[in-house]
Protein chains: 2
Amino acid sequence: MKTKAIFYHAGCPVCVTAERSIVAALDAQRYDVEVVHLGERTARLGEAKRAGVVSVPALVLGGEVLHINHGADLSALG
Amino acid sequence: MKTKAIFYHAGCPVCVTAERSIVAALDAQRYDVEVVHLGERTARLGEAKRAGVVSVPALVLGGEVLHINHGADLSALG
(Lines give C-alpha, C1' and ligand atoms only; values in the text may rest on other atoms or scores of the structure.)
Protein backbone atom coordinates (compact mmCIF):
# COMPACT_ATOMS: atom_id res chain seq x y z
CA MET A 1 0.00 0.00 0.00
CA LYS A 2 1.31 3.44 -0.89
CA THR A 3 1.96 6.12 1.70
CA LYS A 4 -0.13 9.26 1.28
CA ALA A 5 1.81 12.44 0.55
CA ILE A 6 0.12 15.83 0.24
CA PHE A 7 1.89 18.85 -1.18
CA TYR A 8 0.17 22.07 -0.11
CA HIS A 9 0.93 25.23 -2.01
CA ALA A 10 -0.56 28.58 -3.00
CA GLY A 11 0.68 29.01 -6.53
CA CYS A 12 3.56 31.25 -5.43
CA PRO A 13 6.90 31.13 -7.28
CA VAL A 14 8.59 29.49 -4.29
CA CYS A 15 5.79 26.90 -4.28
CA VAL A 16 6.14 26.15 -7.97
CA THR A 17 9.89 25.66 -7.70
CA ALA A 18 9.53 23.39 -4.69
CA GLU A 19 6.82 21.36 -6.38
CA ARG A 20 8.95 20.83 -9.46
CA SER A 21 11.86 19.69 -7.33
CA ILE A 22 10.45 17.64 -4.52
CA VAL A 23 7.17 16.25 -5.79
CA ALA A 24 8.91 15.05 -8.93
CA ALA A 25 11.63 13.39 -6.86
CA LEU A 26 9.36 11.27 -4.69
CA ASP A 27 9.23 7.57 -5.36
CA ALA A 28 5.90 7.14 -7.15
CA GLN A 29 6.04 3.42 -6.49
CA ARG A 30 5.74 4.05 -2.76
CA TYR A 31 3.97 7.40 -2.48
CA ASP A 32 0.55 8.49 -3.60
CA VAL A 33 1.04 12.24 -4.06
CA GLU A 34 -1.77 14.77 -4.01
CA VAL A 35 -1.11 18.43 -4.84
CA VAL A 36 -3.47 20.91 -3.16
CA HIS A 37 -3.63 24.63 -4.05
CA LEU A 38 -4.82 26.17 -0.79
CA GLY A 39 -5.50 29.53 -2.42
CA GLU A 40 -8.09 27.92 -4.67
CA ARG A 41 -9.27 25.15 -2.36
CA THR A 42 -9.78 27.00 0.89
CA ALA A 43 -12.01 24.17 2.16
CA ARG A 44 -8.80 22.20 2.67
CA LEU A 45 -7.24 24.87 4.94
CA GLY A 46 -8.61 23.32 8.12
CA GLU A 47 -7.21 19.93 7.27
CA ALA A 48 -3.80 21.45 6.50
CA LYS A 49 -3.75 23.37 9.77
CA ARG A 50 -4.72 20.27 11.74
CA ALA A 51 -1.83 18.41 10.09
CA GLY A 52 0.51 21.11 11.41
CA VAL A 53 1.06 23.13 8.24
CA VAL A 54 1.85 26.78 9.06
CA SER A 55 3.25 27.95 5.73
CA VAL A 56 3.39 26.89 2.11
CA PRO A 57 4.91 25.15 0.33
CA ALA A 58 4.67 22.18 2.68
CA LEU A 59 4.74 18.45 2.18
CA VAL A 60 2.87 16.20 4.57
CA LEU A 61 4.50 12.83 4.28
CA GLY A 62 3.10 9.96 6.29
CA GLY A 63 1.92 12.40 8.96
CA GLU A 64 5.20 14.33 9.11
CA VAL A 65 5.06 18.02 8.10
CA LEU A 66 7.95 19.30 6.04
CA HIS A 67 7.91 23.04 5.44
CA ILE A 68 10.00 23.55 2.33
CA ASN A 69 11.47 27.01 1.94
CA HIS A 70 8.90 29.74 2.57
CA GLY A 71 6.33 31.14 0.19
CA ALA A 72 3.46 32.35 2.35
CA ASP A 73 2.07 31.88 5.84
CA LEU A 74 -1.12 29.90 5.99
CA SER A 75 -2.71 32.75 7.93
CA ALA A 76 -2.46 34.87 4.76
CA LEU A 77 -4.69 32.44 2.88
CA GLY A 78 -7.79 32.64 5.04
CA MET B 1 22.25 8.85 -15.22
CA LYS B 2 21.08 9.63 -11.72
CA THR B 3 20.59 13.17 -10.44
CA LYS B 4 22.77 14.10 -7.50
CA ALA B 5 20.95 14.94 -4.28
CA ILE B 6 22.74 16.10 -1.15
CA PHE B 7 21.03 16.22 2.24
CA TYR B 8 22.91 18.55 4.60
CA HIS B 9 22.24 18.28 8.30
CA ALA B 10 23.82 18.83 11.69
CA GLY B 11 22.52 15.89 13.69
CA CYS B 12 19.76 17.99 15.27
CA PRO B 13 16.37 16.40 16.06
CA VAL B 14 14.68 18.42 13.29
CA CYS B 15 17.39 17.17 10.92
CA VAL B 16 16.93 13.54 11.89
CA THR B 17 13.16 13.71 11.42
CA ALA B 18 13.52 15.39 8.04
CA GLU B 19 16.10 12.88 6.91
CA ARG B 20 13.89 9.95 7.85
CA SER B 21 10.99 11.46 5.96
CA ILE B 22 12.39 13.01 2.85
CA VAL B 23 15.59 11.14 2.09
CA ALA B 24 13.72 7.87 2.44
CA ALA B 25 11.00 9.10 0.10
CA LEU B 26 13.24 10.01 -2.82
CA ASP B 27 13.21 7.77 -5.83
CA ALA B 28 16.50 5.86 -5.50
CA GLN B 29 16.22 4.79 -9.14
CA ARG B 30 16.62 8.40 -10.22
CA TYR B 31 18.52 10.07 -7.40
CA ASP B 32 21.95 9.42 -6.00
CA VAL B 33 21.59 10.69 -2.43
CA GLU B 34 24.48 11.75 -0.25
CA VAL B 35 23.95 12.64 3.41
CA VAL B 36 26.44 15.17 4.83
CA HIS B 37 26.72 16.01 8.55
CA LEU B 38 28.03 19.57 8.46
CA GLY B 39 28.81 19.58 12.17
CA GLU B 40 31.29 16.75 11.67
CA ARG B 41 32.41 17.55 8.14
CA THR B 42 33.07 21.27 8.33
CA ALA B 43 35.21 21.07 5.19
CA ARG B 44 31.94 20.77 3.29
CA LEU B 45 30.54 24.05 4.70
CA GLY B 46 31.94 26.16 1.86
CA GLU B 47 30.38 23.94 -0.78
CA ALA B 48 27.02 24.05 1.02
CA LYS B 49 27.12 27.84 1.28
CA ARG B 50 28.00 28.18 -2.40
CA ALA B 51 25.02 26.00 -3.26
CA GLY B 52 22.80 28.45 -1.37
CA VAL B 53 22.26 26.53 1.86
CA VAL B 54 21.63 28.91 4.78
CA SER B 55 20.20 26.50 7.34
CA VAL B 56 19.93 22.81 8.01
CA PRO B 57 18.31 20.49 7.27
CA ALA B 58 18.50 21.27 3.58
CA LEU B 59 18.26 19.18 0.46
CA VAL B 60 20.11 20.24 -2.67
CA LEU B 61 18.35 18.55 -5.51
CA GLY B 62 19.70 19.01 -9.01
CA GLY B 63 21.02 22.45 -8.04
CA GLU B 64 17.82 23.57 -6.30
CA VAL B 65 18.08 24.28 -2.55
CA LEU B 66 15.18 23.12 -0.44
CA HIS B 67 15.35 24.24 3.18
CA ILE B 68 13.23 21.77 5.07
CA ASN B 69 11.87 23.00 8.39
CA HIS B 70 14.56 24.68 10.49
CA GLY B 71 17.12 23.07 12.74
CA ALA B 72 20.07 25.44 12.78
CA ASP B 73 21.53 28.31 10.80
CA LEU B 74 24.65 27.44 8.88
CA SER B 75 26.38 30.38 10.53
CA ALA B 76 26.16 28.51 13.84
CA LEU B 77 28.24 25.66 12.45
CA GLY B 78 31.39 27.56 11.58
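The values are calculated or read from the model by the stated rules, or taken from the named source; none is laboratory data. Just so it is clear, the model here is predicted, and its values are computed rather than measured. Here the Cβ positions follow ideal geometry from the backbone for every residue, glycine too, while neighbour counts run over all protein chains shown. Heavy atoms of the whole protein, side chains included, go into the accessibility calculation; ligands, DNA and RNA do not. Shrake-Rupley method; radii C 1.70, N 1.55, O 1.52, S 1.80 Å.
Annotations
- Of all accessible heavy-atom area on the protein assembly as shown, the percent that carbon and sulfur account for (1.4 Å): 51
- Considering only A:GLY52, A:VAL36, A:VAL23, the residue lying farthest towards the positive end of the dipole of segment A:1-54 is A:GLY52, judged by Cα position with unit charges set on Cβ.
- Partners for B:LYS2 among lysines (Cα-Cα distance below 30 Å; same-chain residues under 8 apart left out): A:LYS2, A:LYS4, B:LYS49
- Per residue, the solvent-accessible area of the protein assembly as shown (1.4 Å probe, heavy atoms of protein chains only, all protein chains present) comes to 48 Å².
- Formal net charge of residues neighbouring B:ALA10 (Cβ-Cβ distance under 13 Å; K, R +1; D, E -1): -1
- B:GLN29-A:ARG30 pseudo-label distance in nm [points 7 Å out on the Cα-to-Cβ vector]: 1.3
- The overall shape of segment A:1-54 is oblate: from the C-alpha gyration tensor, with semi-axes ordered a ≥ b ≥ c, the ratio a/c is 1.5 or greater and a/b is no larger than b/c.
- Accessible area buried, both sides summed, chains A and B with 1.4 Å probe, Å²: 1400
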